[in-house]
Each structure stands twice: as structure tokens, then as C-alpha cells.
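Step one of this worksheet: look at the structure below.
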Amino acid sequence: MLIVLNGRHCLHAGRQEMYRGHMIPCVEKPSRLEFVEAELRLRGGSEWMDPDEADLDLLGRVHDPRYLDFLAGAWAEWIALDPKNAETDILPSAWPMPGLRHDVVPLAFAGRLGLFCFDSGSPMMSGTWDAALAGTASAITAARRVAAGRTAAFALTRPPGHHAGRALFGGYCFLNNAAVAAQTLREAGAARVAVLDVDFHHGNGTQDIFYRRGDVLTVSIHGHPLTEYPFYLGYADERGEGAGEGCNLNLPLSPKVSRFAEWHAALEEGLSAIARFGAEALVVPLGVDTYKGDPIAGFGLESEDYLKVGETIAGARLPSIFTFEGGYAVEGIGVNVANVLDGFEAGR
Ligand code: SP5
Ligand code: ZN
């Protein structure tokens, strides 16, 4: 497997996130990636590379340029409000919910922050933009290598990306690496691209970005939003709009009753839709928070199950890019991710 490693990921290391009215240490931390890197290096057989330069033009075709400007300048604005802010991460405290105006961009930093962010668990700090931007460069590099003939590549990066929408951050995600990979494949000549999101949580950001497009099919298997984060998107009746009608497939499952057999049946259903769509390439936002030991999620998957997951995905026989998303049980995260990639290679 070709692995594009974002060596700048550790510039993003949030201190605290809001949980049940108080601040707790961030669940999404640099060691997550380091455990995955260590396991992949231990197993050997992978080819490692650094990302090429970031591509801001391509990024502007995935995200709203005003949103990108906001993210790029957020830390400087935060410090300008009060130099003591350097000791604290950025988190929003007001949001334009229905009943309030969403069509004005406030001058106040706090006003713009709430406009572009949907939760209180995704702190931004001095290195967030640089880390996230290098993450998109990793996704682009991986996608370009695959477009040039590689079977598959893994963008090993954080912060994760699949919750980040066209002009929205949250769920520990700022820039949508999987969407950027899909856009790169399209621009490299693939007529139709599919995204198969296997993270425990619904890929709301990727759905948002491609919802009105007919050239990218988005599929997500996830904990049912009636009971699981992100709650406000990910239902089965969301099928796409306009040119994108029929090009979004949500497969929500109840984590209380669903175990690997049901989860794997949903995976097969998603792959059937991808085959019917006629995708020429595949992007897999790979989160392993489906693991039984995950502290914030879980579908009860065992480490061995991830070999089967990779093998089943390989059955699509499509050039594939994996992006690293969630998974918070650091003691299992390396083995679980490496098992998906090994299962994929065994299945090709
Ligand atoms: C990429 C990804 O998997 N994002 C998930 C974001 C989930 N955010 C809400 C988590 C709430 C749980 N907070 C920690 C509980 C510690 N006991
Ligand atoms: Zn997740």
C-alpha cells in the first residue's frame, strides 16, 4: 500500500472539548495517528511518502472560499482579540439556528465562528490550519497517484475530515480530505466517483459537499442519527437533490442491536449501489470507531473483522483511496486500520 503521511498532523493538538457542560481532554489526539503509523511500519511492505504542495484552487472547488479564508485567519483574529487567548483554544458559543438569520456574515469573530461551526467539541488552535491543509495535500497526493495507475493509497492524516461540510467544521474535522480526494479523481478524469464512508458516524460533511452533484455518489454506514452524533443528518430518506437526486445513500444502523453481521450486510448493500452507479474510482473515509472497544462509539466489531472489511471493499475492484477518520480506542486503532488495508490487499 502506498501511504501518504501528513507529518504536520501534530501541529493540531486540541487541549479540551466541551462534554456535558464541562471541559474534558480532547479525544481526537496526535497519538491516534502515531499508533497507526507504528503498526503499519511494524508490518512492513508499505511504501511511504510525503504529500506534495497543497492545492488551494482545488480546495476552493470543495469548500466555500469565504470559509477557507476564515479558517486560515482564525488564529490571528483570536489572538488579536486578546493576546491571552493564546493559552486557550477556539470554541464557538453562539449559532445561527432556524429562527435566526443565516444569510449575514457578522463582523464579530464570535459571530462568524458560530456560522462556520456546528459543535463545541472541535477546538481550533495555532497549528490547526497548517495541519488540516497538509492533510488535504496528503489526500490530493494519494488520489493523484491512484489516478496515475496505483491500485490504492492511504492518506494517513489528522485532523479527520468527513464531518467538514462546504462551509462548516465540527466533529473534530475542518477540511474534508475524502471529498478533496474524490474531487481530485474527478479532475484527473474519472467520470464517476463513489465515496463509501465506514466511520461509525455519518459522513455529514461529504454528503453536504456532493448532495446536488450527479458525478459523485456518497454512501455512509453509521450509527442511527436518532441516537448517535451528528444527530441532524444521516437519515435514510436523504437521497440527494437536483442533479444529485439518487446519488446519496445513507445506511443508518442501531448500534444497540447491530453487530458485525448486520454491519457487513450494509457494506454489501453500499457496494451494490456503487456498482450500479458505475463508479470508476472509490474513496473510503476509514474510521475504526466501529470497534467494540471505542470509548465514544462502536458497533462491536472485533479486530479480525477489519480484515474482512478490507477484503469486501477490494471486491469492488476499483482504484481506491483511504483517508484516516475516527477511531479513539488507541490500544486497538493501529491493528484495526492495518487489518483493513491488509484485508484489501489480500482481496485484490
Ligand atoms: C471523525 C469523528 O469520528 N468524529 C466524531 C465526533 C464525535 N463528537 C461527539 C463525541 C461526544 C463524546 N465526548 C467524549 C466523551 C468522553 N467520555
Ligand atoms: Zn467517527
Query raised in the report: Say we join alpha carbon atoms closer than 10 Å with springs in a Gaussian network model of the chain; which of Gly205, Gly310, Gly44 then has the biggest fluctuation?
Result: Gly44
Query - Using alpha-carbon coordinates, inclination of helix 65-81 to the longest axis of the chain, degrees - result: 50 degrees
**Report entry** All-pairs alpha carbon distance profile, region 1-142, 5 Å steps from 0, percent
**Finding:** 2, 9, 15, 18, 19, 15, 11, 6, 3, 1, 0, 0
Query raised in the report: Hey, which lysines would be in cross-link range of Lys256, C-alpha to C-alpha under 23 Å, not counting anything within fewer than 8 residues on its own chain?
Result: Lys292, Lys308
Report task. With springs connecting C-alpha atoms under 10 Å apart, model the chain as a Gaussian network and identify which of Arg158, Arg101, Arg212 has the largest mean-square fluctuation. Result -> Arg101
Report task. May I ask for the angle, rounded to the nearest 10°, between helix 330-347 and the longest principal axis of the chain, with both axes built from Cα atoms and the value confined to 0 to 90°? Result -> 40 degrees
Report summary line: In a Gaussian network model of the chain with springs linking alpha carbons closer than 10 Å, the residue among Gly244, Gly171, Gly234 that fluctuates most is Gly244
Query raised in the report: Mean separation of Cα pairs under 8 Å and 6+ residues apart, divided by the residue count of region 239-347: what relative contact order is that in percent?
Result: 28 percent
Report task. Within 10 Å of each residue's Cβ, count the other Cβ atoms and sort Glu34, Glu325 from fewest upward. Result -> Glu34, Glu325
Report summary line: For Trp95, Trp78, ascending order of other Cβ atoms within 10 Å (fewest first) is Trp95, Trp78
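Neighbour counts of other C-beta atoms within 10 Å: give me Leu249, Leu107, Leu59 arranged from fewest to most. The partial results should precede the final answer.
Values: Leu249 24, Leu107 7, Leu59 20.
The order, fewest Cβ neighbours first, is Leu107, Leu59, Leu249.
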Requested in this report: Work through the residues other than Ala338 whose Cβ is under 13 Å from its Cβ and net out their charges, Lys, Arg +1 and Asp, Glu -1.
Outcome: -3
Report summary line: By the C-alpha gyration tensor axes a ≥ b ≥ c (rounded if a/c is under 1.5, else prolate when a/b exceeds b/c, else oblate), the shape of region 120-253 is oblate
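As a check on your grasp of the helix formula, calculate [θ] at 222 nm for the chain: sum -39500 (n - 2.57) over DSSP H runs of n ≥ 4, divide by the residue count, round to the nearest 500. Intermediate values should be presented prior to the final figure.
On the way: 10 runs with 127 residues, N = 348.
For the chain, the value works out to -11500 deg cm²/dmol.
From the square roots a ≥ b ≥ c of the eigenvalues of the alpha-carbon gyration tensor of region 209-348, which class results: rounded (a/c under 1.5), prolate (a/b over b/c), or oblate? Let's see the in-between values first.
Details: a/c = 1.92, a/b = 1.22, b/c = 1.58.
Because a/c hits 1.5 or more and a/b fails to exceed b/c, region 209-348 counts as oblate.
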Query raised in the report: Toward the positive end of the charge dipole of the chain, about the Cα centre and with charges on Cβ (Lys, Arg +1; Asp, Glu -1), which of Gly121, Val330, Trp263 goes farthest?
Result: Trp263
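Summing Lys, Arg as +1 and Asp, Glu as -1, what charge do residues with Cβ under 9 Å from the Cβ of Thr184 carry, Thr184 excluded? Don't skip to the end; give the middle numbers.
Numbers: positive: Arg144, Arg186; negative: Asp55, Glu187.
Summing Lys and Arg as +1 and Asp and Glu as -1 gives 0.
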Requested in this report: Could you please report the charge total around Gly293, scoring K, R as +1 and D, E as -1 over all other residues with beta-carbon less than 12 angstrom from its beta-carbon?
Outcome: -3
Query raised in the report: If one takes the longest principal axis of the Cα atoms in the chain, at what angle in degrees, from 0 to 90 and to the nearest 10, does the Cα axis of helix 177-187 lie?
Result: 70 degrees
Requested in this report: Enumerate by residue number the trypsin sites (Lys or Arg not before Pro) in region 1-53 meeting two conditions: DSSP loop (anything except H, G, I, E, B), and at most 11 other Cβ atoms within 10 Å of the site's Cβ.
Outcome: Arg20
Requested in this report: Calculate the length of the line joining the C-alpha centroid of region 22-79 to that of region 298-348, in whole Å.
Outcome: 20 Å
Query raised in the report: Which shape class applies to the chain: rounded if a/c is under 1.5, otherwise prolate when a/b exceeds b/c and oblate if not, where a ≥ b ≥ c are the square roots of the Cα gyration tensor eigenvalues?
Result: rounded
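Every number here is computed from the coordinates shown, using simple stated rules; none is lab data. Please read these numbers as outputs of a predicted model, since none were measured by experiment. Ideal geometry is used to build each Cβ from the backbone, glycine not excepted, and the neighbour counts take in all protein chains shown.
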